[in-house]
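For reference, the structure is listed below as structure tokens.
The values are calculated or read from the model by the stated rules, or taken from the named source; none is laboratory data. None of the values given here were measured: they were computed from a predicted structure. No Cβ is skipped: glycine too gets one built from the backbone with ideal geometry, and neighbour counts run over all protein chains shown.
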Amino acid sequence: MRRETQDPLLGAHMSIAGGTPLAIQRALEAGCRVLQIFVKNSNRWKGKTLVDEEVEDFRKAWADSKLHQVVAHDSYLINLASPQEELWQRSIEAMLDELNRCQRLGVSLLVTHPGSHMGEGEGAGVRRIAQAIDQIHQRSGHCNVPIALETTAGQGTSVGYRFEHLRDILAATRHPERVFVCGDTCHIFAAGYDIRGEAEYGETMEQFSRVVGLEKLRVFHFNDSKKDLGSRVDRHEHIGRGKIGTSAFSWFLNDDRLEQIPKILETPKGKTHREDRRNLKLLRSLVKK
């Protein structure tokens, strides 16, 4: 369902309230070229059954649209770094369910926050995440939807706020070719990587390329930050209205290496798509090509 286009691959996360096909409609109304969804209620462990009719309707709505790509974000309850065996196993089961939902819908990627070590230490968290991913791959059967580990702000005991964490998780998994990275501008900035100036952006991307590898980047979340550089606080803001500022996003949008990577808003929403349309319009105005 991928389509080549000269338009920037910009979009937003959309609600699946009323059924997953409605997310396609909402994305088109907002002017999206790419889309991110949840494949179930993000605040519950168990989602309602995904019936064949809904799957068919979603696939048809997507095929009829001009959307280039649809990715998913997993439940916020999942913690693959948990030292608590019951929560860890429950997280693995939930991830397997979400991957299977993605497979049925044709969604190409499942984004996950790596997890929180809950006081056991970052090294222990990294090892636990890699072990969870290995178990998921071992049990996933025919499902071949890749996982994308999201860069985090480093709030609390979360793992993934250093590029080295992502490198070490990938190195510890048996099938690193099935695991990728989702960058988040707010999280990267809050974690202490400056992206505001052209030189600072270049240095941060060089660090990522050296430590993880640009070939591992599959999707970006485009969010400004309510909090300062290095705050390690995850608070999203509309583009150009936070501490990152507008110009930083032009570096990403005009970097040829990132041209085919979807860039998805997770900024605050109101009752309409007005905020998404404004953010997308501003981002498109930054494209120099």
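With the requirement that a residue be touching a Pro at 6+ places or on another chain (Cβ under 8 Å) and within 20 Å of SER108 (Cα to Cα), what does the range 147-194 give you?
Once the filter is applied, which keeps residues that are touching a Pro at 6+ places or on another chain (Cβ under 8 Å) and within 20 Å of SER108 (Cα to Cα), the range 147-194 yields LEU149, GLU150, LEU170, ARG178, VAL179, PHE180.
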Given the conditions (1) part of a loop (DSSP other than H, G, I, E, B); (2) among the charged types (D, E, K, R); (3) farther than 28 Å from THR157 by Cα; (4) within 19 Å of the chain's Cα centre (by Cα), and given that ASP276 satisfies all but one, which numbered condition is not satisfied? (1)
Kindly list, by first and then second residue, each pair from a residue in the range 29-40 that is farther than 21 Å from ARG218 by Cα to a residue that is assigned to a strand (DSSP E or B), limited to pairs with Cβ atoms under 7 Å and residues at least 6 apart or on different chains. ALA30/ALA12
Kindly indicate which of GLY230, GLY202 is surrounded by fewer than 17 Cβ atoms within 10 Å (Cβ to Cβ) and either part of a loop (DSSP other than H, G, I, E, B) or among the hydrophobic types (A, V, I, L, M, F, W, C) (or both). GLY230
Limited to the range 252-281, what total is found for residues that are within 15 Å of ASN223 (Cβ to Cβ) and of a type outside the set (Lys, Arg)? 12
Picked from the range 47-97 (must be farther than 19 Å from GLY125 by Cα and among the aromatic types (Phe, Trp, Tyr)), the residue surrounded by the most Cβ atoms within 10 Å (Cβ to Cβ) is PHE58
So, in the range 104-149, exactly how many residues are surrounded by fewer than 17 Cβ atoms within 10 Å (Cβ to Cβ), in contact (Cβ under 8 Å) with a residue 12 or more places away in the chain, part of a loop (DSSP other than H, G, I, E, B) and of a type in the set (Gly, Ala, Ser)? 2
Free of Cβ contacts under 8 Å to residues at least 60 places away in the same chain and out of contact with any strand residue (DSSP E or B) (no Cβ under 6 Å at 6 or more places or on another chain), is that true of SER209? yes
For ASP194, are the conditions met, namely being surrounded by 20 or more Cβ atoms within 10 Å (Cβ to Cβ), modelled with pLDDT of 95 or more, of a type in the set (D, E, K, R) and closer than 30 Å to ASN254 by Cβ? no
